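Written below as structure tokens is the structure these notes are about.
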Amino acid sequence: MPAILITNDDGMKADGLIRLAEAARAFGEVWVVAPAIQRSAASHSITLHSHIDVFPVDFPVEGVHAFACSGTPADCVRVGTLSIMPEKPDAVLSGINYGYNVASDIQYSATVGAALEAAFQGFPAMALSEDASACHEVTDAFLGTVLKSFFESGSAGRSGGDTVKHYMPSEGMIVNVNFPGCPLADCRGILGDRKISRGMFYRDQYEKVCSLEDGGVRLMVKGIYNEDAEEGTDFKAVVDRYVSVGSVRNVR
């Protein structure tokens, strides 16, 4: 039976992590090593100059081996594959993140960063994200199909005029999947081979919160929502209510 390592950046109690572990049980033995706390936007950072604590935890999905980690999501992959699992995993899944990881957001994403660490270690890896909303209808409907294509590496689907090839990444690549947060009836299907957009959902600026002593100032980021996206990209796919499937290259 294949061994599957799952991590995320939203923390051990995140709903997306639990749903992903539940779905992954159909494809192998599931191990979860996830951050003990929220670690969003940690990118591909790892812990070098302090210790990492790892401890077993009860997990709400039967049969899953689960461990909470004090480090980053990339640390979780390193610790899981090098110290926790008795054998190397056959695949690594990261997610399901609460919020899209498309376009320029990918460079900050610890969900994607963890998957890139897995690819760097030589494991097939997929990052999965969804809209930051309470509507999971599309994710729940298409998650099994996406995972089946990833693990079996041979299934294909057709949607919106595009053929969706198998989702097993080539060496040095990860698969990056994003599910739109619309009702299932409004979803237009799956689009594969999506390029990474150069755009951004939020155009950030900083606003002054208050003045500090000695001439300092306290700032808070504020994003202006934007849906301008190029055709053929991951960003455009989710804006148009498609499931987006694309590849991200590692630096290796």
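The values are calculated or read from the model by the stated rules, or taken from the named source; none is laboratory data. Predicted model, so just to flag it, every value in this text is computed and none were measured. Cβ coordinates were reconstructed from backbone atoms using ideal geometry, including for glycine residues, and neighbour counts include every protein chain displayed.
Please state which of the following conditions residue 98 fails to meet, knowing it meets all the rest: (1) surrounded by 20 or more Cβ atoms within 10 Å (Cβ to Cβ); (2) at pLDDT 95 or above; (3) in contact with a strand residue (DSSP E or B) (Cβ under 6 Å, 6 or more places away or on another chain).
For residue 98, the failing item is (3).
Among the residues of the range 13-42, write down those that are more than 22 Å from residue 131 (Cβ to Cβ), among the hydrophobic types (A, V, I, L, M, F, W, C) and surrounded by fewer than 21 Cβ atoms within 10 Å (Cβ to Cβ).
Those that are more than 22 Å from residue 131 (Cβ to Cβ), among the hydrophobic types (A, V, I, L, M, F, W, C) and surrounded by fewer than 21 Cβ atoms within 10 Å (Cβ to Cβ): 26, 27, 36, 37.
Can you name the strands (runs of 3 or more DSSP E) wholly within the range 8-100 that have at least 2 residues being more than 13 Å from residue 114 (Cα to Cα) and free of Cβ contacts under 8 Å to residues at least 24 places away in the same chain?
Passing ranges, in order: 54-56.
Does the range 136-149 contain at least one residue that is farther than 11 Å from residue 174 by Cβ, in contact with a Ser or Thr (Cβ under 7 Å, 6 or more places away or on another chain), buried (at least 21 other Cβ atoms within 10 Å of the Cβ) and of a type outside the set (Ser, Thr, Tyr)?
The initial filter retains those residues of the range 136-149 that are farther than 11 Å from residue 174 by Cβ, namely 136-149.
This time we only want the ones that are in contact with a Ser or Thr (Cβ under 7 Å, 6 or more places away or on another chain), so: 148-149.
Right, trim to buried (at least 21 other Cβ atoms within 10 Å of the Cβ) and you get 149.
So of that shortlist, the ones also of a type outside the set (Ser, Thr, Tyr) come out as none.
No, the conditions are met nowhere in the range 136-149.
Checking residue 19 against (1) under 14 Å from residue 111 (Cα atoms); (2) modelled with pLDDT of 95 or more; (3) among the basic types (Lys, Arg), which test does it fail?
Checking residue 19 against (1) under 14 Å from residue 111 (Cα atoms); (2) modelled with pLDDT of 95 or more; (3) among the basic types (Lys, Arg), the one that fails is (1).
Which condition breaks for residue 246 when tested against (1) surrounded by fewer than 17 Cβ atoms within 10 Å (Cβ to Cβ); (2) in contact with a helix residue (DSSP H, G or I) (Cβ under 7 Å, 6 or more places away or on another chain); (3) part of a strand (DSSP E or B)?
(1)
If I go through the range 169-195 residue by residue, how many of them are in contact with a helix residue (DSSP H, G or I) (Cβ under 6 Å, 6 or more places away or on another chain) and either of a type in the set (A, V, I, L, M) or modelled with pLDDT under 70 (or both)?
Residues meeting the conditions: 4.
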